[in-house]
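Asker: First the structure, then my questions, so here it is.
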Amino acid sequence: MLLVNPKATTTNARTRDVLIRALGAAVELAVEETRYRGHAARLAATARAKDYDVVAVLGGDGTINETVNGLLNPVDGDAQAAPRDVAGDPSTGRPALIVIPGGSANVFARALGLPNDPVEATGAVLEALREGRRRTVGLGQALWEGQSRYFTFCAGMGYDAEVVRAVEGLRGTGRKATPARYVNTALRHYLATDKRHPAMTVTGPGIPAAEGVFMAIISNTSPWTYVGTRPVRPTPWASFETGLDLLGLRRMGLVSLAPLIQHILTESDTLPSGKHLVQLHDEAEFTLTARRPVAFQLDGDYLGERESVTFRSTPNALQVLV
C-alpha cells in the first residue's frame, strides 16, 4: 500500500504520478490518498490488518509519523487514540516501511540515508525492494495524560515546540513550511521568549534530577533537523540503534546560545559543552515535568501544552526498506 499526501510540500501531481507508476511496475500496488489529519494512521492500521507486506509513504515527516503509529498501533476508533505499549519484538508481523520524502525537511528519510529528492529516493527504495534490503530501527515513545505516541527522530518541549506551533499557524494561512520560514519564525519568537523563569525538570531512573530547564530536545537519531542542506546536531551521538538522547538548556541568553548554535551547526561528532546544558545519552526512559503547561511537539507535529511527559526508547521497533 502506498500512502500519498497530496498536499506534500515538495511534490506535484506529475511527480506523484511518475512515482506511482514506477512503484506499480515493481510490485502489486494499492494507492491511498490522505485526506485529513490522522488519516495516514488509519490507512496504515488497515494495511496491517489486511496483511500487506509493505506500506510506502510519499509525504513529509508528519505523514510518516502517523503511518508509523498506525503500523504499530492499529486502532478501531480515533487514529490518534493512545497506542498500546509494545511487548517483545514489535516488528514481528507488521508490514515493513518505505519512505519517499515529500515534505519540507524530510528528517527521517535523510537520517536513513535516502536522497532528499523524491525521484532519486524512489530509485533507492526500488533497489532495496529488489535486493530485500531492510534495516531495523528503534523508535521513541512519549506518554502523557493516559495518551501515547511514537516518534521517529525527535520530540521537544519548550521553545522549539513553540516555534513549531507558530509555523503550523502560518501553514494554516496557506504559507509553506520552508527552512527560511522556520529560521525567521525562531528568531522572531526568541525575542518574545521568557528568558528568566525556566519551568521544567528532568528526572528518570538512575538520572540525577536536573531543574531549571527552559527547552528540551529529545532525539532518537542525529541530526535533529536540517536548515536547507545543513544538518543540525545538538545530540550527535543519538542513533536508531541506541536509546534516547536529550539536550536541555538552562539559559536562553545570547551569550549562552550563540556558541551552542555555532557548535551544533558546524561540529558533527562532539557534544556541546557548558554547565548550562543538561545532556543524556542512550537512556531507556526519562520524564520532563513543568510547573506550568509548556509547548510539546513530536516529529515536528505540535501536540499542545503539557505539564508532564515521559519518554521511552523502543528498540527494534520497525523494519524499513532502505
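The values are calculated or read from the model by the stated rules, or taken from the named source; none is laboratory data. Everything numeric in this text was worked out from a predicted model, so none of it was measured. Heads up, the Cβs are rebuilt from the backbone with ideal geometry, glycines too, and the neighbour counts pull from every protein chain shown.
Asker: So which of T15, T34 is hydroxyl-bearing (S, T, Y) and under 15 Å from V119 (Cβ atoms)? Quick ask: steps written out before the conclusion?
Answerer: On the way: T34 fails: under 15 Å from V119 (Cβ atoms).
One residue alone meets the criteria, T15.
Asker: Has region 149-157 got any residue that is surrounded by fewer than 18 Cβ atoms within 10 Å (Cβ to Cβ), out of contact with any helix residue (DSSP H, G or I) (no Cβ under 9 Å at 6 or more places or on another chain) and at negative phi?
Answerer: No: region 149-157 contains no residue that is surrounded by fewer than 18 Cβ atoms within 10 Å (Cβ to Cβ), out of contact with any helix residue (DSSP H, G or I) (no Cβ under 9 Å at 6 or more places or on another chain) and at negative phi.
Asker: Okay, moving on. Do any strands (runs of 3 or more DSSP E) entirely within region 1-88 hold 3 or more residues that are closer than 25 Å to F153 by Cβ and modelled with pLDDT of 95 or more, and if so, which?
Answerer: Correct list: 2-4, 54-59.
Asker: Another one. Restricting to region 272-307, give me the number of residues that are within 19 Å of the chain's Cα centre (by Cα) and either modelled with pLDDT of 95 or more or assigned to a strand (DSSP E or B) (or both).
Answerer: Kept after step one, since they are within 19 Å of the chain's Cα centre (by Cα), are these residues of region 272-307: 280-288, 294-306.
Now drop any that are not either modelled with pLDDT of 95 or more or assigned to a strand (DSSP E or B) (or both), which leaves 280-288, 294-299, 301-306.
Count: 21.
Asker: If the requirement is being under 18 Å from the mean Cα position of the chain (by Cα) and either closer than 25 Å to L280 by Cβ or not in a loop (DSSP other than H, G, I, E, B) (or both), which of these qualifies: A216, A209?
Answerer: Answer to the selection: A216.
Asker: Among the helices (runs of 4 or more DSSP H) lying completely within region 95-190, list those that include at least 3 residues that are closer than 29 Å to R312 by Cα, free of Cβ contacts under 8 Å to residues at least 24 places away in the same chain and assigned by TED's automatic domain parsing to the domain that holds A45. Quick ask: steps written out before the conclusion?
Answerer: Details: elements: 107-111, 118-131, 159-171.
Qualifying helices (runs of 4 or more DSSP H): none found.
Asker: Looking only at region 228-264, which residues are surrounded by 15 or more Cβ atoms within 10 Å (Cβ to Cβ) and of a type in the set (A, V, I, L, M)? So that I can check it myself, show each step before the final result.
Answerer: Restricting attention to region 228-264, the residues satisfying the condition of being surrounded by 15 or more Cβ atoms within 10 Å (Cβ to Cβ) are 231-240, 242-252, 256-257, 260, 263-264.
Result: V232, A238, L244, L246, L247, L249, M252, L257, L260, I264.
Asker: Please enumerate the residues belonging to region 17-48 that are surrounded by 14 or more Cβ atoms within 10 Å (Cβ to Cβ), under 23 Å from the mean Cα position of the chain (by Cα) and of a type outside the set (G, A, S).
Answerer: E32, E33, T34, H39, R42, L43, T46, R48 - these are the residues of region 17-48 that are surrounded by 14 or more Cβ atoms within 10 Å (Cβ to Cβ), under 23 Å from the mean Cα position of the chain (by Cα) and of a type outside the set (G, A, S).
Asker: Continuing with this model, one more query. Test G304 against the criterion of being in the same structural domain as S222 (by TED's automatic domain parsing) and within 16 Å of P208 (Cβ to Cβ), and give yes or no. Outline the logic, then answer.
Answerer: On the way: in the same structural domain as S222 (by TED's automatic domain parsing): yes; within 16 Å of P208 (Cβ to Cβ): no.
Answer is no for this residue.
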